[in-house]
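A short worksheet on the structure shown next.
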């Protein structure tokens with residue numbers, strides 16, 4: 001019986017390899033520590049989104065990947081924010097707003113197994129982060145300095161996971177990720193998330 005036939009009958013024989021390509025989708029959810037200009041402390045926000053990826057095998061254990069990630073946060077409240085209303089004197093209040101964005105990142109992925117595959121990815125890239133109008137809670141007032149805005153964001157991230165190659169064509173996996181992002185006009189944002197992924201695999205010899 002050929003090795004190719006065995007690979008179809010026994011998924012454990014099908015391993016990540018040089019020249020192999022994977023298309024993946026990972027819905028994710030997590031939390032982020034958000035900064036707001038004028039706030040006396042950081043706020044904790046829940047987030048969710050979707051990551052779409054493409055990777056290509058440079059060797060039996062190393063892939064190069066590119067990922068497009070979309071994210072959105074729940075409405076987040078920032079306590080004790082210093083604002084000025086209609087050019088008047090500065091005052092403190094509780095502010096609420098949402099944030100979200102899109103990012104494109106690239107980097108290496110190490111796949112360290114065969115049927116069960118531990119995964120380590122390190123990526124860096126850029127994107128756009130959006131912040132909605134910042135409204136003073138209970139008043140409906142949006143200070144001029146807290147209007148909706150968007151800006152360039154640079155990001156670095158790492159991801160640890162475990163994948164299962166269920167057939168020569170498909171893998172599933174669970175992952176934990178950490179990310180740090182910021183930009184010239186945007187405050188730093190650190191986040192942690194968990195995700196579940198499904199990948200379609202193409203290999204030239206299959």
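The values are calculated or read from the model by the stated rules, or taken from the named source; none is laboratory data. All figures in this text were calculated on a predicted structure; none of them were measured in a lab. Cβ coordinates were reconstructed from backbone atoms using ideal geometry, including for glycine residues, and neighbour counts include every protein chain displayed.
Do we find a residue being at pLDDT below 90, surrounded by fewer than 19 Cβ atoms within 10 Å (Cβ to Cβ), in contact with a helix residue (DSSP H, G or I) (Cβ under 6 Å, 6 or more places away or on another chain) and over 17 Å from residue 195 (Cα atoms) anywhere in segment 115-126?
Narrowing segment 115-126 to residues at pLDDT below 90: 115.
Applying the additional criterion that residues be surrounded by fewer than 19 Cβ atoms within 10 Å (Cβ to Cβ) yields 115.
With the extra rule that they be in contact with a helix residue (DSSP H, G or I) (Cβ under 6 Å, 6 or more places away or on another chain), the set shrinks to 115.
Next, from what is left, pick out any that are over 17 Å from residue 195 (Cα atoms): 115.
The answer is yes, given that some residue of segment 115-126 is at pLDDT below 90, surrounded by fewer than 19 Cβ atoms within 10 Å (Cβ to Cβ), in contact with a helix residue (DSSP H, G or I) (Cβ under 6 Å, 6 or more places away or on another chain) and over 17 Å from residue 195 (Cα atoms).
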Of all residues in segment 175-186, which are surrounded by 15 or more Cβ atoms within 10 Å (Cβ to Cβ) and more than 17 Å from residue 33 (Cα to Cα)? 175
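Mind listing whichever residues of segment 187-198 are closer than 10 Å to residue 26 by Cα and either touching a helix residue (DSSP H, G or I) at 6+ places or on another chain (Cβ under 6 Å) or surrounded by 20 or more Cβ atoms within 10 Å (Cβ to Cβ) (or both)?
Once the filter is applied, which keeps residues that are closer than 10 Å to residue 26 by Cα and either touching a helix residue (DSSP H, G or I) at 6+ places or on another chain (Cβ under 6 Å) or surrounded by 20 or more Cβ atoms within 10 Å (Cβ to Cβ) (or both), segment 187-198 yields 195, 197.
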With the checklist (1) at positive phi; (2) touching a strand residue (DSSP E or B) at 6+ places or on another chain (Cβ under 9 Å) in hand, flag the one item residue 140 doesn't pass. (2)
Exactly one condition in (1) in contact (Cβ under 8 Å) with a residue 40 or more places away in the chain; (2) over 16 Å from the mean Cα position of the chain (by Cα); (3) surrounded by 15 or more Cβ atoms within 10 Å (Cβ to Cβ) is not met by residue 42; state its number. (1)
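Just checking, which of 128, 119, 156 is more than 25 Å from residue 34 (Cβ to Cβ) and part of a strand (DSSP E or B)? Please lay out each step first, then the result.
Numbers: 128 fails: more than 25 Å from residue 34 (Cβ to Cβ); 156 fails: more than 25 Å from residue 34 (Cβ to Cβ).
One residue alone meets the criteria, 119.
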Please verify whether segment 98-106 includes one or more residues that are surrounded by fewer than 16 Cβ atoms within 10 Å (Cβ to Cβ) and either modelled with pLDDT under 90 or under 30 Å from residue 139 (Cα atoms) (or both). no
When residue 188 is run through (1) outside any loop (DSSP other than H, G, I, E, B); (2) closer than 21 Å to residue 53 by Cα, the failure sits at (2)
